[in-house]
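A quick write-up on the structure given underneath.
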């Protein structure tokens, strides 16, 4: 209730008004929505789990947006002011904040465990390696013949998840492989080599062919 005062001929009268009701401060709801990849925290909010809170009108509240490892903030809407993971709200109306996290773009992990087994019967090399990533578009396989002046040459582009390849060779060679995606190449695997020993008759045949040319 409120109290009324007035003065009449030097006397002060006091009247209590039993019908007066104080005005309660207005409160507004703030609701946060998000996808997987991070949390949003602030006074009364830990989203994650608790994604809404009622705030009394007046002043400001700040929500902090924190990506999890391997994620980044893609977009934030609904803030009155947004800067570097800080969402500032003017508490004068209901607020709906939406945060979208995205995977940090990274090249795939390098394959390893590359092995090369040579079959002299059909002159083929069976190659096999370990796939250590889950975001590759594919693999690029390279080989280099023995010799000081030789260089690596790409011989195959393979799809995702493929971990073997068969090559043919009549000379000693080394192989290496790497994964790739839209963000770049991985590092190279270990090198795997095969040492092809040609028979003496092969050398004679090659020499005879050269004499006939």
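The values are calculated or read from the model by the stated rules, or taken from the named source; none is laboratory data. In this text the structure is predicted, and so the values were computed from the model without any measurement. A quick note on method: Cβ atoms are made from the backbone with ideal geometry, for glycine too, and the neighbour counts reach across all protein chains shown.
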Count - residues of region 122-132 that are modelled with pLDDT of 95 or more and part of a loop (DSSP other than H, G, I, E, B): 2
Checklist (1) under 30 Å from residue 38 (Cβ atoms); (2) in contact with a strand residue (DSSP E or B) (Cβ under 8 Å, 6 or more places away or on another chain); (3) modelled with pLDDT of 95 or more; (4) not assigned by TED's automatic domain parsing to the domain that holds residue 68 applied to residue 181, failing item: (2)
Counted residues, region 26-74 - those being touching a residue at least 24 places away in the same chain (Cβ under 8 Å), assigned to a loop (DSSP other than H, G, I, E, B) and surrounded by fewer than 16 Cβ atoms within 10 Å (Cβ to Cβ): 8
Selection within region 101-121 - in contact (Cβ under 8 Å) with a residue 40 or more places away in the chain and assigned to a loop (DSSP other than H, G, I, E, B): 105, 106, 107, 108, 109, 110, 111, 120
Residues of region 78-100 classified as in contact (Cβ under 8 Å) with a residue 40 or more places away in the chain and more than 26 Å from residue 25 (Cα to Cα), total: 3
Test: residue in region 154-163 that is loosely packed, with under 14 Cβ neighbours inside 10 Å, over 21 Å from the mean Cα position of the chain (by Cα) and at pLDDT below 95: no
Checklist (1) in the same structural domain as residue 37 (by TED's automatic domain parsing); (2) in a loop (DSSP other than H, G, I, E, B); (3) within 33 Å of the chain's Cα centre (by Cα) applied to residue 87, failing item: (2)
Which listed residue, of 104, 100, 125, is surrounded by 13 or more Cβ atoms within 10 Å (Cβ to Cβ) and within 26 Å of the chain's Cα centre (by Cα): 100
Residue check for residue 79: buried (at least 16 other Cβ atoms within 10 Å of the Cβ) and outside any strand (DSSP E or B): yes
